[in-house]
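I have placed the structure first, in the form of structure tokens, so that the comments after it can refer back to it.
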There are 6 protein chains.
Amino acid sequence: MTSHAIYAGTFDPFTVGHLDIAHRAADQFEQLTIVVVDNTQKSSLLSLQARVSAIQATFANDSRVSVQALDGGLLVDFAKHAGATVLVRGVRSVSDFEYEVPMAHINRELSGLDTLMFAASPVVSHISSSLVRQVFAAGGDVSAYLPPASLQALTTGARNA
Amino acid sequence: MTSHAIYAGTFDPFTVGHLDIAHRAADQFEQLTIVVVDNTQKSSLLSLQARVSAIQATFANDSRVSVQALDGGLLVDFAKHAGATVLVRGVRSVSDFEYEVPMAHINRELSGLDTLMFAASPVVSHISSSLVRQVFAAGGDVSAYLPPASLQALTTGARNA
Amino acid sequence: MTSHAIYAGTFDPFTVGHLDIAHRAADQFEQLTIVVVDNTQKSSLLSLQARVSAIQATFANDSRVSVQALDGGLLVDFAKHAGATVLVRGVRSVSDFEYEVPMAHINRELSGLDTLMFAASPVVSHISSSLVRQVFAAGGDVSAYLPPASLQALTTGARNA
Amino acid sequence: MTSHAIYAGTFDPFTVGHLDIAHRAADQFEQLTIVVVDNTQKSSLLSLQARVSAIQATFANDSRVSVQALDGGLLVDFAKHAGATVLVRGVRSVSDFEYEVPMAHINRELSGLDTLMFAASPVVSHISSSLVRQVFAAGGDVSAYLPPASLQALTTGARNA
Amino acid sequence: MTSHAIYAGTFDPFTVGHLDIAHRAADQFEQLTIVVVDNTQKSSLLSLQARVSAIQATFANDSRVSVQALDGGLLVDFAKHAGATVLVRGVRSVSDFEYEVPMAHINRELSGLDTLMFAASPVVSHISSSLVRQVFAAGGDVSAYLPPASLQALTTGARNA
Amino acid sequence: MTSHAIYAGTFDPFTVGHLDIAHRAADQFEQLTIVVVDNTQKSSLLSLQARVSAIQATFANDSRVSVQALDGGLLVDFAKHAGATVLVRGVRSVSDFEYEVPMAHINRELSGLDTLMFAASPVVSHISSSLVRQVFAAGGDVSAYLPPASLQALTTGARNA
């Protein structure tokens with residue numbers, strides 16, 4: 001069976017920290033689908049479509065990686081339907097770890113799909129979408145934390161927001 | 001003096017994880033009162049009354065356990081008035097632990113009432129009301145995580161919500 | 001160069017825990033500026049001005065300490081402009097620590113300003129503005145957790161809120 | 001059934017942090033047995049008998065508390081034989097918590113005896129036997145961290161060591 | 001390229017917690033090599049050979065899994081030489097996580113080999129070789145925590161120890 | 001009063017992670033003394049003198065930094081005698097943080113000297129003397145983790161060990 005990993009998140013925006021995980025996941029599994037989840041609990045800075053497009057642009061030349069939106073329903077149902085064999089997550093901190101573990105167990109109980117965690121690479125382990133949004137909202141320079149397409153989406157998207 | 005423990009929470013909904021703590025607390029103390037607190041900071045999935053009723057149904061045959069609602073005011077005032085001798089809490093994770101400790105100290109400073117913590121049993125240590133609500137909202141099957149009365153409350157309550 | 005520390009926070013309200021850090025920072029650095037930040041993500045219990053005034057009253061007799069409001073923009077831009085040489089933070093817990101570390105790195109990357117952390121003194125390590133607000137909202141006595149001027153601000157401010 | 005708690009440790013030496021837990025446990029349960037365990041993995045600073053005697057002297061006037069040595073075998077076997085109904089532990093930190101939880105689960109699986117955890121009181125939450133031993137070995141003053149009988153045992157015991 | 005995971009540890013003894021990780025790793029990767037490392041820092045309860053044999057017996061009918069001993073040198077050199085594509089680790093707790101992360105980074109820097117972490121399944125998340133050794137040394141029943149071959153190795157090995 | 005920081009550790013060996021902290025501390029305080037402590041609990045890889053010499057060589061051109069050995073007694077007594085105004089520590093992880101905090105409190109109680117913590121820079125946050133020793137013992141290349149003088153000390157020292 002072809003190994004196929006799902007890397008899901010809100011990616012609001014997709015940072016160089018997410019890029020680190022996606023590259024490493026693409027190296028371990030034959031196929032990688034990045035799934036952009038709409039956060040129903042709070043409004044996003046970028047629209048779901050803007051996030052999908054930015055990530056697609058980022059991986060335009062990497063045929064192993066595809067990008068899809070999940071606009072509702074369980075991630076594991078989506079993943080099973082897509083033929084995924086595993087879920088992957090990046091973990092930067094103890095807080096991340098404690099957030100991921102119960103979700104991983106419940107996802108396995110619901111679907112049989114297991115979760116594998118990558119430790120964020122040291123050089124990007126302090127970068128998060130929420131800090132990027134915070135710095136951006138205060139007028140700071142976030143270009144070091146984003147792939148070019150994400151930065152452009154943020155600059156454009158924020159203007160229209 | 002009769003030992004009387006208070007087990008308080010929002011219980012939105014009451015899960016098999018809460019059930020684990022309640023059973024163990026009922027085994028250690030002569031009397032156990034489960035106090036359902038109305039979360040004023042966000043709206044609940046189930047009404048306060050629906051949560052109280054579901055827990056009462058769950059312990060219908062256990063005379064050691066009673067259930068009450070707390071609709072405002074300090075938990076420790078309620079507890080002192082009820083003749084409680086101790087507060088009990090379940091702790092699943094480091095995050096839980098760090099949340100509980102300052103609250104326990106402040107409750108003791110305000111009232112003299114001490115707090116005792118149970119470590120969640122391994123088999124239910126990944127279950128939380130918030131994950132149950134999330135899976136339920138996405139249409140997933142949460143029956144493994146809830147006592148029958150909680151599941152029924154959720155199914156019925158969600159229809160009317 | 002004169003050492004000049006910035007101690008920033010929302011201070012809603014300023015507690016005896018914050019006082020502990022401010023006193024210790026004032027002992028280590030020649031100048032200390034307490035910066036009251038307006039939290040744009042949620043409404044505060046006390047107005048920005050009420051918080052500034054209460055802290056000013058608390059340090060009325062300490063010429064090493066000044067208090068300012070930050071109503072927008074990056075803290076590090078404010079700090080550079082004020083001639084600060086370092087940022088200081090109090091850390092009570094592992095959660096605090098994990099919150100501070102990425103912010104410290106990003107602040108250093110944005111501005112070159114480093115962050116130094118004090119471990120909260122044991123006797124106040126369980127005190128937080130959020131617990132104070134919670135106890136206060138439930139009608140509890142918070143006088144043990146606040147300097148007199150903060151307590152007065154809370155009592156007065158809450159009446160008008 | 002009379003509630004009977006076991007508070008076990010190596011207590012090398014018994015500190016004011018241990019005293020905090022013992023007093024609070026004695027307030028919650030009708031009977032408290034402090035069990036001094038011989039650490040087989042490393043040599044102790046004080047002999048098992050010296051530790052038992054110091055704790056006995058500390059609780060000489062508290063009829064609720066008795067002290068015993070455990071020189072081998074499982075703690076839970078000892079506890080069951082003594083008629084204990086619960087084990088109690090003090091927890092100062094996340095590290096403590098993570099150490100206690102698996103042991104609590106295994107003790108319950110081996111014996112049915114549950115474990116209840118107290119959060120160390122803030123004012124003593126930084127005190128540990130190992131730090132006391134370290135300061136003592138370097139010639140520092142540890143009198144603030146020990147009940148009088150423990151301090152005397154350390155002073156006398158160390159002379160003979 | 002065939003995916004080939006290395007699962008290394010001291011496995012002194014190999015527990016049902018290790019078995020959980022090995023089964024899940026074998027489901028994700030085409031080949032799994034379990035590498036038994038000789039801990040040079042402290043003496044083991046079971047000999048290296050006894051540990052290898054017990055694990056071989058445990059996986060006798062699973063052709064995806066092989067077992068080897070590592071008696072010195074870097075794990076990543078061994079892994080590269082064996083054609084491994086990834087290292088896998090089980091993580092039970094925050095302490096485990098913090099132990100694994102720096103090692104994972106250094107292993108990647110030394111060899112290019114990445115590490116993937118599995119969260120221990122809830123039902124075995126409290127089981128560790130060290131607790132098993134401790135219970136065993138005190139005469140307790142550890143049969144619930146070990147695969148049959150490990151239990152036999154322990155019983156036999158300990159007799160000769 | 002001249003600000004004078006003490007940065008103490010066993011530094012066995014002094015890594016680029018320690019270098020990061022020392023540079024940042026030297027930027028914040030007028031004077032920095034690096035104190036090499038002899039670990040009495042386990043034998044060191046490098047002799048106390050070899051460690052002192054390597055650090056001295058590393059800071060040969062930085063007049064703000066001096067290096068001294070502490071061969072017994074309390075660090076805070078040494079620090080007070082040297083006219084230090086503060087202790088500084090690097091913190092890489094939650095485990096580090098939990099190790100540092102109680103020691104900081106006890107050092108302040110013993111001497112009045114406060115402790116300030118730096119969060120390790122991301123790019124070196126996974127590096128520790130113990131991992132370096134482990135990789136070195138297994139024949140791995142540790143040159144990326146050590147300043148030149150430390151690497152030389154290790155290579156030379158290990159030959160004689």
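The values are calculated or read from the model by the stated rules, or taken from the named source; none is laboratory data. Keep in mind it's a predicted model, so treat the numbers as computed, not measured. Note that each Cβ is placed from the backbone with ideal geometry, even for glycine, and that neighbours are counted across all protein chains shown. Please note that ligands, DNA and RNA were not included when accessible areas were found on the heavy atoms of the full protein model with its side chains. Shrake-Rupley method; radii C 1.70, N 1.55, O 1.52, S 1.80 Å.
Scanning the range C:32-44 for residues that are within 26 Å of A:Ser130 (Cβ to Cβ), in contact with a helix residue (DSSP H, G or I) (Cβ under 6 Å, 6 or more places away or on another chain) and at pLDDT 95 or above turns up C:Ile34, C:Val36. Test B:Val101 against the criterion of being within 8 Å of another protein chain (Cβ to nearest Cβ), open to solvent by less than 10 Å² (accessible area, probe 1.4 Å) and within 22 Å of C:Leu131 (Cα to Cα), and give yes or no. Judged against the criteria, B:Val101 is not a match. Considering (1) under 19 Å from B:Leu131 (Cα atoms); (2) in contact with a helix residue (DSSP H, G or I) (Cβ under 9 Å, 6 or more places away or on another chain), the lone condition that B:Asp77 does not fulfil carries the number (1).
Looking only at residues of the range C:138-149 that are away from chain B (no Cβ under 14 Å) and farther than 14 Å from C:Ile127 by Cα, we find that the one that is most open to solvent (accessible area, probe 1.4 Å) is C:Pro148.
For D:Asp71, state whether it is over 16 Å from D:Met117 (Cβ atoms) and open to solvent by 10 Å² or more (accessible area, probe 1.4 Å). Considered against the rule, which asks whether it is over 16 Å from D:Met117 (Cβ atoms) and open to solvent by 10 Å² or more (accessible area, probe 1.4 Å), D:Asp71 comes out as yes.
Here D:Ala120 meets each of (1) more than 14 Å from chain F (Cβ to nearest Cβ); (2) closer than 30 Å to B:His23 by Cα with one exception, condition (1). Inspect all residues belonging to the range E:149-161 and state whether any of them is more than 19 Å from the chain's Cα centre (by Cα), in a loop (DSSP other than H, G, I, E, B) and closer than 19 Å to D:Asp77 by Cβ. Within the range E:149-161, none of the residues are more than 19 Å from the chain's Cα centre (by Cα), in a loop (DSSP other than H, G, I, E, B) and closer than 19 Å to D:Asp77 by Cβ. Just checking, how many residues over the range E:1-43 are away from every other protein chain (no Cβ under 11 Å), of a type in the set (Phe, Trp, Tyr) and more than 9 Å from the chain's Cα centre (by Cα)? So the count comes out to 0. For the range D:51-73, the set of residues classified as of a type in the set (A, V, I, L, M) and out of contact with any helix residue (DSSP H, G or I) (no Cβ under 7 Å at 6 or more places or on another chain) consists of D:Val52, D:Ile55, D:Ala60, listed by residue number. The residues listed here are E:Leu131, E:Leu48, E:Leu74; of these, the one that is at negative phi and touching a Phe, Trp or Tyr at 6+ places or on another chain (Cβ under 9 Å) is E:Leu131.
Looking at A:Leu110, A:Leu146, A:Leu87, just one residue is in contact (Cβ under 8 Å) with a residue 40 or more places away in the chain, in contact with a helix residue (DSSP H, G or I) (Cβ under 7 Å, 6 or more places away or on another chain) and over 29 Å from C:Leu110 (Cβ atoms), and that residue is A:Leu87.
Restricting attention to the range D:96-106, does a residue exist that is within 14 Å of D:Ile21 (Cβ to Cβ) and either among the aliphatic types (A, V, I, L, M) or under 14 Å from the mean Cα position of the chain (by Cα) (or both)? Yes, that holds for at least one residue. Scanning the range C:5-31 for residues that are in a strand (DSSP E or B) and in contact with a helix residue (DSSP H, G or I) (Cβ under 9 Å, 6 or more places away or on another chain) yields C:Ala5, C:Ile6, C:Tyr7, C:Ala8, C:Gly9. Listed residues E:Leu46, E:Leu113, E:Leu87, E:Leu74; which is more than 14 Å from chain D (Cβ to nearest Cβ), farther than 29 Å from A:Phe97 by Cα and not polar (S, T, N, Q)? Just a single option satisfies the conditions, and that option is E:Leu46.
Would you say B:Ser121 is of a type in the set (Gly, Ala, Ser) and over 20 Å from C:Gln134 (Cβ atoms)? When the stated conditions are applied, B:Ser121 passes them.
Residues that are in contact with a Gly (Cβ under 6 Å, 6 or more places away or on another chain), crowded, with 19+ Cβ neighbours inside 10 Å and more than 7 Å from every other protein chain (Cβ to nearest Cβ) do occur in the range A:124-133. Of the residues that make up the range D:52-70, is at least one within 14 Å of chain E (Cβ to nearest Cβ), touching a residue at least 12 places away in the same chain (Cβ under 8 Å) and closer than 19 Å to E:Ala137 by Cβ? Yes. The set of residues in the range B:37-62 that are open to solvent by 40 Å² or more (accessible area, probe 1.4 Å) and part of a loop (DSSP other than H, G, I, E, B) comprises B:Asp38, B:Asn39, B:Thr40, B:Gln41, B:Lys42, B:Ser43, B:Ser44, B:Leu45, B:Ser47, B:Ala60, B:Asn61.
The single condition among (1) in a loop (DSSP other than H, G, I, E, B); (2) surrounded by 20 or more Cβ atoms within 10 Å (Cβ to Cβ) that B:Ile34 does not meet is (1). Taken together, the criteria place B:Ile106 among residues that are surrounded by 19 or more Cβ atoms within 10 Å (Cβ to Cβ), modelled with pLDDT of 95 or more and closer than 30 Å to D:Ala26 by Cβ.
For the range F:1-27, the set of residues classified as open to solvent by 30 Å² or more (accessible area, probe 1.4 Å) and modelled with pLDDT of 95 or more consists of F:Thr10, F:Val16, F:His18, F:Leu19, F:His23, F:Asp27, listed by residue number.
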